[in-house]
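What follows is calculated from the coordinates using simple rules that are stated; it is not laboratory data. Note that the structure is a prediction, hence the values are computed from the model and not measured. All Cβ positions, glycine included, derive from the backbone under ideal geometry; neighbour counts span all protein chains shown.
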């Protein structure tokens, strides 16, 4: 089986008002299918930048990055969009659900960009909501749901396309600990299904549950556990 | 992304900001309504004038001394009744030739006074032009040849002078000379800005005696068919030029008059529509403005959509459709408003208005185009947003 993500000496430098600001300075990392990786580090350590690169939201300025076996430096913006749609699932700290949109249609959103019709989208979204334990919230809107429920909707949205990698950026950051635990349990159940889960966190307890921990500092991997 | 889905998203976005969407649309609505209503009024006026010119009669040829062109001085007419005999020979049918000598005169009946356009005419007038009598009879050939002082009153003049009494057989004085009323015309209304119900027709001979002149002002000929108008026009002008070598004569047909009037009104309508079009343009700028606000407000949404696989084009199309939806909805509402205004104007004011499909189609097409043109920049901006930056935006 090929690795889901391979990063080899990846760097990312931002140009801010003509000044080069290095955010990543050569990171190498492999994420296998079914991996469970926690990226930890203080803010400004480059973990968010790494996350964006691994998710195909951004491109490295140096090194090679393979996502799903494809070198992102050779991909057009449209191919990058397709890659994000098919290979990656994102879960954000602040959920990023569309307001005024039902849980079902929020979950079905990625399928819109696959040209899948509304009926099939709703069927698949309903099935995915059932899987995350929200069968009773299908027609609810984000403002009618608790934070934990909203994050489950976001996870269902990330999973509806059947991605090989799920990237979660502080998935429990806005949740109380009990709710956070159940969200983590949900993510961990995916690992058993063969989905690679990469989560960014600065919560040590959360990080400790992962199989591997990558500690970021000043744009470099300072330790792996 | 399927287009149907994109429409749905655009519609949702507009519904979410109903008041803002309505206000933005208002600019387009007003612009389109103004174009439709003004073009309708221009077209209606043109049709009315065409109807009036055509209502004079068919295949008419009008012959007047002088040149018909801008800036030429009015020519005093050298034409007399003797010329008519020559024209009759050219035409070959005296019932197709009418003449006129016109003068504004005060007309009295008892204590009532009216001001009328006195027309000295031949008995052929009703066969050359379309003039129908309401009561009595028209002038006869004998009336003309003997210069009998008889008069046929326009409907308006008859009402002014006699109110509800029957004017037939009664006396009127025209320019101080007594005439007997023998007929009254059917009402005609205004024509080319002239109140034709204020006319009084008298034998041309009687009019000439009253005015102390031998001249006649103009000749009208009704050609047997459309094809022969040109030929007849040349022959008549040639015959008149032979008799009056020092004078130019001009012959114009109804079609030529219609052509000139139509051109003038067409230009006027175009200018009005263009002015109205400017307000449509301003409306378009409003759409552009609000779309930029919308893109900014929904930066996070754009970032998320990109994260889950939206291509730049998908985002661009979504915002472009939103702009187009705004302007086309505004366009439809504007068409209804403009059409309704035109119908009300036509119904309740003397100004005529006629709705035309092309003006509606044009206004709608322009509003859709305005949406595309003014939506492109915001849509491109949305499409090009960096997803990382967009997601971070608060």
When A:179, B:327, A:30 are ranked with the fewest other C-beta atoms within 10 Å first, the list becomes A:30, A:179, B:327
Tell me, what is the percent relative contact order of chain A, built from C-alpha pairs under 8 Å that lie six or more residues apart?
29
Shielding by partners for A:154-160, please: the mean number of other protein chain Cβ atoms within 10 Å of each residue's Cβ.
1
How much length is gained on full extension from residue B:95 to residue B:258, taking 0.36 nm per residue of separation minus their Cα-Cα distance?
56.2 nm
Expressed in angstrom and ordered largest first, the alpha-carbon extents of segment B:259-346 along the principal axes are 64, 25, 18
Rounded to whole Å, give me the distance from the Cα center of segment A:73-108 to that of segment A:116-188.
13
Approximate spin-label separation residue B:195-residue B:171, in nm, with each point projected 7 Å along Cα-to-Cβ
2.6
Evaluate E = 1/(1 + (r/R0)^6) for residue B:372 and residue B:133, where r is the Cβ-Cβ distance and R0 equals 51 Å; express this FRET efficiency to the nearest 0.05.
0.25
With springs only between Cα atoms under 10 Å, which of B:338, B:136, B:284 fluctuates most in a Gaussian network model of chain B?
B:136
Suppose R0 equals 30 Å. What FRET efficiency, 1/(1 + (r/R0)^6) with r the Cβ-Cβ distance, do residue A:15 and residue B:300 give to the nearest 0.05?
0.80
So what is log10(I(q)/I(0)) for segment B:201-274 at q = 0.15, 0.19, 0.21 1/Å, when the Debye sum runs over its Cα atoms only?
-0.78, -0.95, -1.00
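How high is the relative contact order of chain B, in percent, with contacts defined as C-alpha pairs under 8 Å that are six or more residues apart?
For chain B, the relative contact order is 30 percent.
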Helix-only [θ]222 nm of the protein assembly as shown, DSSP H runs n ≥ 4, -39500 (n - 2.57) each, per residue, nearest 500
-16000 deg cm²/dmol
For the protein assembly as shown, convex hull of alpha carbons as volume per residue, Å³:
240
Kirkwood Rh for segment A:1-128 from C-alpha pairs, in Å, is 16.5
The Cα radius of gyration of segment A:136-225, divided by 2.2 N^0.38 Å with N its residue count, comes to 1.17
Whole-Å distance, taken between Cα centres, linking segment B:220-268 and segment B:21-47:
38
Taking a virtual spin label 7 Å from the Cα of residue A:99 along the C-beta vector, which residues in segment A:105-148 bring their backbone nitrogen under 13 Å of it?
A:142-144
Expected unfolding gain across residue B:361-residue B:215 under the 0.36 nm per residue rule, minus the alpha-carbon gap, is 47.2 nm
Pairwise centroid distance, computed over Cα atoms, of segment B:325-356 with segment B:129-161, Å:
44
Using a Förster distance of 35 angstrom, determine the FRET efficiency expected from the C-beta separation of residue A:141 and residue A:114, and round it to 0.05.
0.90
Once you have all Cα-Cα distances for chain A, histogram them in 5 Å bins from zero and send the whole-percent values.
1, 7, 15, 18, 20, 16, 12, 7, 3, 1, 0
Percent relative contact order of segment B:182-281, based on C-alpha pairs within less than 8 angstrom and at least six residues apart?
10
